[in-house]
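So the structure is just underneath, and the comments pick up after that.
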Amino acid sequence: IALVDHALRRRFAFIQLAPIMDSLRRLHQETGFPIEKLINQIEQLNHQIGDPHYLVGHSFFMHPDLVNRLPAIWRFEIEPYLEEFFFDQPDRVEAWRWKNVEGKVMG
């Protein structure tokens, strides 16, 4: 995979797109979801990731029905991503499992 990645990077221009939390704020002003708690957790998680190329972005959470979809998004999209990123650091993944995050974003 690294060879394919390298080949793609030689052939295409890449533009870094950082997470845009204001997009989440604007969307969820209308939905009533308490988005600041989630944004806080995402920002803490991204600090743990520490690499601008691998940050968790806002697009995962751009759903009007986030209150119902968030548990599945986190368990089936965010957790597997973290398992891959922190493959040799299971304790770091464990800290970000939904069971440990839920009370911080939904409470």
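Worth pointing out:
- Within region 17-50, the set of residues being within 16 Å of VAL93 (Cα to Cα) and not β-branched (Val, Ile, Thr) comprises GLN41, GLU43, GLN44, LEU45, ASN46, HIS47, GLN48, GLY50.
- Scanning region 79-92 for residues that are more than 13 Å from the chain's Cα centre (by Cα) and of a type in the set (A, V, I, L, M, F, W, C) turns up PHE86, PHE87.
- All conditions but one from (1) open to solvent by 100 Å² or more (accessible area, probe 1.4 Å); (2) on the phi > 0 side of the Ramachandran plot apply to ARG10; the one that does not is (2).
- The combined condition, being under 13 Å from the mean Cα position of the chain (by Cα) and in a helix (DSSP H, G or I), is not fulfilled by GLU102.
- Every pair of residues 6+ apart whose Cβ atoms lie under 7 Å, when the first sits in region 74-90 and is farther than 13 Å from VAL101 by Cα while the second is of a type in the set (A, V, I, L, M): LEU82/VAL93; GLU83/VAL93; PHE85/ILE49; PHE86/VAL93
- Residue list for region 97-107, restricted to those being open to solvent by less than 70 Å² (accessible area, probe 1.4 Å) and free of Cβ contacts under 8 Å to residues at least 24 places away in the same chain: ARG97, ASN100, GLY103
The values are calculated or read from the model by the stated rules, or taken from the named source; none is laboratory data. Computed from a predicted structure; not experimentally measured. Note that we place each Cβ from the backbone using ideal geometry, even for glycine, and neighbour counts take in every protein chain shown. Remember, those area values only see protein heavy atoms, side chains included, never the ligands or the DNA or RNA. Shrake-Rupley method; radii C 1.70, N 1.55, O 1.52, S 1.80 Å.
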